[in-house]
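Here the structure comes first, spelled out in structure tokens, and everything after it is commentary.
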Amino acid sequence: MEINRKVLISLFIIGILALGIGWGTHSLFSDTETSSGNTFTAGTIDLKVNGTDDPYVVTITLSNMKPGDDTGYYKWILRNAGTLPGKVSITFSVMINNENGINEPEVVAEAQPYAHPTDGELGQYLRPGVHPDEIPENVRQYVKIIARNDEEGWFIAEVTAEVDIGGTIGWGPKDWGVPSRLESQWQAGPPHPWGVPGLNYFSGATRGTLGYLPNDILNPGQEVAFFFRVNLRGPDEVANLPHDPLDLMRWDGTKWVDVDDNIIQSDSVTFSITFRLEQVP
């Protein structure tokens with residue numbers, strides 16, 4: 001009987017210990033903290049053109065022009081007013097060439113094979129650029145040609161000083177009056193097998209900054225200027241001989257060919273430029 005009592009007490013003690021072990025296995029150290037005051041804000045992409053939100057699209061009409069005319073530089077300052085970097089670009093609309101009727105001097109010119117059957121021809125002869133050989137000699141030391149295609153009639157160049165090479169499109173510092181990185185289209189005339197000359201070359205085209213901004217990225221708070229300019233003039237030189245630039249000519253992909261200047265009388269060309277700033281992936 002004494003033995004049984006001891007056994008019973010032992011069993012009771014073991015049971016208590018086992019119960020204690022059970023409590024221990026379910027009582028882990030823990031601590032809970034509550035984070036407060038956290039704010040998550042979406043970044044912004046906000047392009048301002050000349051200090052305003054609108055217009056992102058500008059429309060230009062060129063009319064009443066005569067051989068020798070030059071528009072001078074149009075200039076727009078683009079600023080990233082957002083908090084995120086963005087990729088900047090510009091897009092030209094399709095060029096709308098209006099005939100605006102045919103007057104008496106234009107009748108003979110419109111009968112030529114290089115005349116357009118329905119549209120005006122002004123966009124063919126407005127040149128958004130100059131030939132490399134037409135760059136004034138006193139500024140050539142500042143011009144570095146990066147790419148060039150004489151059949152298609154264009155070159156891309158870097159200009160290291162604020163000097164005027166004669167007119168083109170491009171990008172530069174906001175306080176410059178001329179572009180620092182530019183694309184020059186110097187041909188004129190109707191389309192040929194190698195491309196589309198004149199202002200019509202940019203019809204529907206999209207351009208980045210031509211390498212002026214690395215990867216075309218405009219950082220928050222950063223500003224850049226876009227420039228545009230065209231002239232209505234012929235080449236300064238034809239077949240290595242001086243030429244009167246008031247005499248319009250067309251490029252056939254290999255050489256300059258004379259045209260009847262009356263072909264552009266009363267014509268006009270209208271187009272728009274759209275500025276974009278897009279989120280970088």
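A quick yes/no check of all residues on (1) more than 22 Å from Val57 (Cα to Cα); (2) within 12 Å of the chain's Cα centre (by Cα):
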{"site": "Trp171", "(1), (2)": "no, yes"}
{"site": "His192", "(1), (2)": "yes, no"}
{"site": "Gly195", "(1), (2)": "yes, no"}
{"site": "Leu199", "(1), (2)": "no, no"}
{"site": "Thr206", "(1), (2)": "no, yes"}
{"site": "Arg229", "(1), (2)": "no, no"}
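Screening the candidates Leu210, Leu218, Leu199 for the property of being in contact with an Asp or Glu (Cβ under 8 Å, 6 or more places away or on another chain), surrounded by 16 or more Cβ atoms within 10 Å (Cβ to Cβ) and not basic (Lys, Arg) yields one hit, Leu210.
Residues that are aliphatic (A, V, I, L, M), at least 2 per element: which strands (runs of 3 or more DSSP E) completely within the stretch 61-108 meet that?
So the answer is 74-80, 86-92.
Screening the candidates Val257, Val238 for the property of being under 22 Å from Ile145 (Cα atoms) and out of contact with any Asp or Glu (no Cβ under 6 Å at 6 or more places or on another chain) yields one hit, Val238.
Among residues of the stretch 157-171 that are farther than 14 Å from Gln141 by Cβ, those with a Cβ under 7 angstrom from a residue that is of a type in the set (Asp, Glu), sequence gap 6+ or separate chain, pair up as Gly166/Glu134; Gly167/Asp70; Thr168/Glu183; Ile169/Glu183; Gly170/Glu183. Restricting Trp186, Trp176, Trp256 to residues that are within 30 Å of Thr83 (Cα to Cα) and surrounded by 16 or more Cβ atoms within 10 Å (Cβ to Cβ) narrows the list to Trp176. When the stretch 94-129 is examined, which residues are found to be more than 18 Å from Pro67 (Cβ to Cβ) and hydroxyl-bearing (Ser, Thr, Tyr)? Residue satisfying the conditions is Thr118 alone. The stretch 156-267 holds strands (runs of 3 or more DSSP E) entirely within its bounds, and those carrying 1 or more residues that are more than 30 Å from Gln279 (Cβ to Cβ) map to 181-185, 249-251, 256-258. For the stretch 103-113, filtered to residues that are under 28 Å from Ser272 (Cα atoms) and surrounded by 16 or more Cβ atoms within 10 Å (Cβ to Cβ), the residue that is modelled with the lowest pLDDT is Glu106.
The values are calculated or read from the model by the stated rules, or taken from the named source; none is laboratory data. On a predicted model such as this, the values are computed, not experimentally measured, just so you know. No Cβ is skipped: glycine too gets one built from the backbone with ideal geometry, and neighbour counts run over all protein chains shown.
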